[in-house]
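Worksheet: one structure, shown below.
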Amino acid sequence: MRLGAEDAPALQDLFERTSDFFELCEGGPPHADAALTELTHLPEFATPGDLVAFGFRRESLDAVVLLMRDRRVDAAWWIGLLLLDPSVRGSGVGTRIFEATREWLASQEAKTIYIGVVTTNEAALRFWRARGFEDRGTQPYTNAYGFTTDVVVMRRGVN
C-alpha cells in the first residue's frame, strides 16, 4: 500500500521497533518526528510527486520502502530506505519487497536504481550486493537532524 503523511504514526511505530537500525545508521534512537520527516522531507532537486513510500503489513506495518526519483539523472531512482521489522528479517521478505519495487520502478520507466548504505551496516551491504548492486564510491551523508556518517553509494540497472 502506498503511504502518505497520514500514515506517519504507523511508520513511527515501525521505526521504534527497529531502533537497532537507527542506532547503527543514525547515531541514536529515531526522533519523535522521524516518520513524518521521511514521508515529507524533500531534497532541493525533488518535487512532492518524486517521493514514493510503500508499506507492507500483516497486522501492523512490517516493512517500508521509500523511493525518490532523481530528476538530475535520466530515468534514475534512489531507494532511500528499505526497513523491515525484526520479526520478518531473514525470511525472504526483503528480497520479495525489493523485487516488487524493481518491477514497480520498471513500470515507471526507470533504468537505474541507486542506494546509499552506511559503511558500518555490513548486513545491508551484503544484502544489496547480493541483489546486483555495485559500489560506486563512498561519500559523507548528513541526515535531516544533522547526524553525519559515510555511505557507500551503490547502483544497478532496473532489469
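Annotations
- Candidates ALA106, ALA123 - the one that is part of a helix (DSSP H, G or I) and farther than 27 Å from ASP33 by Cβ: ALA106
Residue by residue, here is whether (1) in contact with a Gly (Cβ under 7 Å, 6 or more places away or on another chain); (2) at pLDDT 95 or above; (3) under 23 Å from ALA123 (Cα atoms) holds:
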position: GLU26; (1), (2), (3): no, no, yes
position: HIS41; (1), (2), (3): no, no, no
position: PRO48; (1), (2), (3): no, no, no
position: VAL52; (1), (2), (3): no, yes, no
position: LEU61; (1), (2), (3): yes, yes, yes
position: VAL65; (1), (2), (3): no, yes, yes
position: ARG69; (1), (2), (3): no, yes, no
position: ASP74; (1), (2), (3): no, no, no
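- Criterion (among the small types (Gly, Ala, Ser) and without any contact (Cβ under 8 Å) to a residue 24 or more places away in the chain) met by exactly one of GLY49, GLY80: GLY49
- Only a single criterion out of (1) in contact with a Lys or Arg (Cβ under 7 Å, 6 or more places away or on another chain); (2) part of a strand (DSSP E or B) is not satisfied by PHE98, namely (2).
- Scanning the range 4-16 for residues that are closer than 21 Å to ARG89 by Cα and crowded, with 18+ Cβ neighbours inside 10 Å turns up LEU11, GLN12, LEU14, PHE15.
- Checking TRP104 against (1) in contact with a strand residue (DSSP E or B) (Cβ under 7 Å, 6 or more places away or on another chain); (2) within 27 Å of GLN12 (Cβ to Cβ); (3) surrounded by 13 or more Cβ atoms within 10 Å (Cβ to Cβ), the condition it does not meet: (1)
- Restricting the range 67-89 to residues that are part of a loop (DSSP other than H, G, I, E, B) and under 17 Å from the mean Cα position of the chain (by Cα), the residue that is farthest from PHE22 (Cα to Cα): ARG89
- Residue in the range 129-147 that is in a strand (DSSP E or B), without any contact (Cβ under 8 Å) to a residue 12 or more places away in the chain, touching a strand residue (DSSP E or B) at 6+ places or on another chain (Cβ under 7 Å) and on the phi < 0 side of the Ramachandran plot present: yes
- When the residues of the range 12-33 are filtered to those that are of a type in the set (A, V, I, L, M, F, W, C) and in contact (Cβ under 8 Å) with a residue 40 or more places away in the chain, the one that is nearest to THR142 (Cα to Cα) is CYS25.
- Residues being buried (at least 16 other Cβ atoms within 10 Å of the Cβ) and touching a residue at least 40 places away in the same chain (Cβ under 8 Å) - total across the range 116-128: 2
The values are calculated or read from the model by the stated rules, or taken from the named source; none is laboratory data. In this text, all values refer to a predicted model and were calculated from it rather than measured experimentally. Neighbour counts are summed over all protein chains in view; Cβ atoms, including those assigned to glycine, are modelled from backbone coordinates with ideal geometry.
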